[in-house]
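Working notes, structure below.
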């Protein structure tokens, strides 16, 4: 069995440097770290599972999960996946704690991260794309905390892995689906949660890019509603009153139910076609009523399960993710194939 000591001797570094490079703890020169990882792979190095499990039980490591999930039913399935993954690792004594918030206030999320930074070994976060959040994540990684971003990613960080959908592709897919359903002419409203989230921006960019292929598509309005159904109802109601020409609404995030309730107040012949994301119960209900024609599914359960699994694999077995992005494919769903 190859040991860290042997890898250290071959690479001409200390055992501590090998440990930091293989486990993502602390600072190691990028070139040196790559040499160490390459050598370990060539020699077939594998961490000792029994030793890692024993160490985990002694340390009782903590995984903190920070999500802007309150009021957003999409995260119900994300959390279910997280809890079922955690259940598989109960024997190792790893602890999970949840920190949730409503909306996208970067200062509130930052305060949570600062509060937990000194007592957790891993962080799973649905990050707000703000420079202060990125700086804090980098500080936590530098201190040895394993970080996974889930459902939304953030630029400018050294997080270990992102688990979620391809948002840009989601925007492309939504627009292409609209063309397939409506043809070459449409007056469109795009409704999303918040441009403070990188994923929502990417989805909008993808949508606009695909629109270039359809000259008859016109974007009449883009509205944010903070993923809040009540606010989504109000802004959609006002939008439809101000723009009666709109015949298509693409909801690129949550707030779907509020938007649909506003659409339902119109006479049936004046209702715009609605596309959405995800398959939460209220969205399925609106599909059953014929308000939503199709939705794009992004595997929330698998997102949650995979994010927690990667944290556990690192804390218990010392395994870093093979890739820094775990992308779950966008899937088009009709009511008939839910």
Checking 153, 105 in turn, the sole residue that is closer than 24 Å to residue 229 by Cβ and assigned by TED's automatic domain parsing to the domain that holds residue 314 turns out to be 105
For residues that are surrounded by fewer than 23 Cβ atoms within 10 Å (Cβ to Cβ) and more than 16 Å from residue 274 (Cα to Cα), tally how many sit in the stretch 185-199.
4
Checking residue 69 against (1) within 25 Å of residue 195 (Cα to Cα); (2) assigned to a helix (DSSP H, G or I), the condition it does not meet
(2)
Check whether at least one residue in the stretch 133-141 is over 25 Å from residue 30 (Cβ atoms) and in contact with a strand residue (DSSP E or B) (Cβ under 7 Å, 6 or more places away or on another chain), and report yes or no.
no
Considering each of 206, 164, 170 in turn, give the residue that is part of a helix (DSSP H, G or I), modelled with pLDDT of 95 or more and within 24 Å of residue 76 (Cβ to Cβ).
170
Given the conditions (1) in a helix (DSSP H, G or I); (2) surrounded by 18 or more Cβ atoms within 10 Å (Cβ to Cβ), and given that residue 138 satisfies all but one, which numbered condition is not satisfied?
(2)
Between a residue in the stretch 1-22 that is within 8 Å of residue 36 (Cα to Cα) and any residue that is modelled with pLDDT under 90 and not in a helix (DSSP H, G or I), which pairs come within a Cβ distance under 6 Å, given they are 6 or more apart or on different chains?
21/28
As an exercise: evaluate residue 313 against (1) closer than 20 Å to residue 65 by Cα; (2) buried (at least 19 other Cβ atoms within 10 Å of the Cβ) and give the number of the one condition it does not meet.
(2)
Could you tell me whether residue 21 is surrounded by 13 or more Cβ atoms within 10 Å (Cβ to Cβ) and modelled with pLDDT under 90?
yes
From 262, 307, residue being closer than 30 Å to residue 124 by Cβ and either buried (at least 23 other Cβ atoms within 10 Å of the Cβ) or without any contact (Cβ under 8 Å) to a residue 60 or more places away in the chain (or both):
307
How about the stretch 231-329: which helices (runs of 4 or more DSSP H) wholly inside it have at least 2 residues that are within 30 Å of residue 18 (Cα to Cα) and out of contact with any strand residue (DSSP E or B) (no Cβ under 8 Å at 6 or more places or on another chain)?
300-317
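The values are calculated or read from the model by the stated rules, or taken from the named source; none is laboratory data. Bear in mind the structure is a predicted one, so any value in this text is a computation, not a measurement. Because the Cβ atoms are built from the backbone with ideal geometry, glycine has one as well, and the counts that use them run over all protein chains shown.
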